[in-house]
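In what follows, a single structure is set out as structure tokens and then discussed.
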Amino acid sequence: GLGLPVELIDCCMYGCMLYWRGDKDLDQCKFCEAPRFKKSRNSSKCSRVPFSRMHYLPLTPRLKRLYASQATSADMRWHAQDHGHDIGVMCHPSDSDAWKQFDVINPSFAAKSRNIRLGLCTDGFQPHGTLGAQHSTWPIIITPYNLPPSMCMKEPYMFLTAIVPGPKNPKQRLDVFLQPVIAELKDLWEEGIVTFDVSLKQNFQMRAALMWTISDF
């Protein structure tokens, strides 16, 4: 109901590659030569139904919406404010040595409190339950850590960014399915995107940095 875009990307049935960008028009895997499409019933010809497909939900529109909403725009600068707790007590990732060291290494990024720090987490699960067929699906979730502790790990701010299809566990080739995520994160880091901050009534160039990855989420 939010009108967010969803990109459907065909995959090699063995997880060797994505039919994406420069490879989007290929009809077979360039590594294992497996066909991209299933054969039509009662015919030797291939249909246009792929053997495997992943769902990709672009991250950038949802990050922009955090600044377009009065409910979240001001809170996106919370991490740069005085948290009002004892020195040496870590109540939020912004209190950590890793966050502070990142600021030292990237002063131009850190100087703009509206730039976004992200965490990426993933884990597989069996959608049919332990008693059903062995089928492993992997969601990839990205969380903005700018928000205060009362918000940043709540469900509305844990953005499902990709669904890696089963049935086989993609753990050994998860990097293949992460390609669209990495491409978008690189764009957000290097160039950013013009974004409107409703709390300050102004446009700014929003950039983002991936700070942490979490496995077995």
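Results, tabulated for the structure shown:
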{"read-out": "Relative contact order [Cα under 8 Å, 6+ residues apart], the range 4-100, whole percent", "value": "24"}
{"read-out": "Part-to-part distance (alpha-carbon centres) for the range 144-217 and the range 71-96, which is given in Å", "value": "20"}
{"read-out": "Neighbour-limited loop hits for trypsin sites (Lys or Arg not before Pro), the range 25-108 (at most 12 other Cβ within 10 Å; DSSP other than H, G, I, E, B)", "value": "LYS30, ARG41, LYS45"}
{"read-out": "The chain: relative contact order in percent, alpha carbon pairs under 8 Å with at least 6 residues between", "value": "22"}
{"read-out": "Average accessible surface area per residue within the range 1-142, 1.4 Å rolling probe, Å²", "value": "59"}
{"read-out": "Two-site FRET efficiency, TRP212 against CYS46, from Cβ-Cβ distance with R₀ of 35 Å, rounded to 0.05", "value": "0.25"}
{"read-out": "Within the chain, longest stretch free of exposed GluC sites (Glu not before Pro) [DSSP loop, at most 12 other beta carbons within 10 Å]", "value": "34-190"}
{"read-out": "Distance in nm between pseudo-label sites at LEU200 and PHE31 (7 Å out along the Cβ direction from Cα)", "value": "4.3"}
{"read-out": "Neighbour-limited loop hits for trypsin sites (Lys or Arg not before Pro), the range 141-215 (at most 15 other Cβ within 10 Å; DSSP other than H, G, I, E, B)", "value": "LYS154, LYS168, LYS201"}
{"read-out": "Normalised convex hull volume, the chain, alpha-carbon set, Å³ per residue", "value": "169"}
{"read-out": "Residues with amide H under 5 Å from that of GLN28, placed H, sequence gap 5 or more", "value": "ARG36"}
{"read-out": "Paramagnetic reach from GLU7 in the range 178-217 [backbone N under 16 Å; point 7 Å along Cα→Cβ]", "value": "178-193"}
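The values are calculated or read from the model by the stated rules, or taken from the named source; none is laboratory data. From a predicted model like this one, the values you see are computed outputs, not experimental measurements. As a convention, Cβ positions derive from the backbone with ideal geometry for all residues, glycine included, and neighbour counts pool all protein chains shown. Just so you know, the surface numbers come from the protein's heavy atoms only, side chains and all, with ligands and any DNA or RNA stripped out. Shrake-Rupley method; radii C 1.70, N 1.55, O 1.52, S 1.80 Å.
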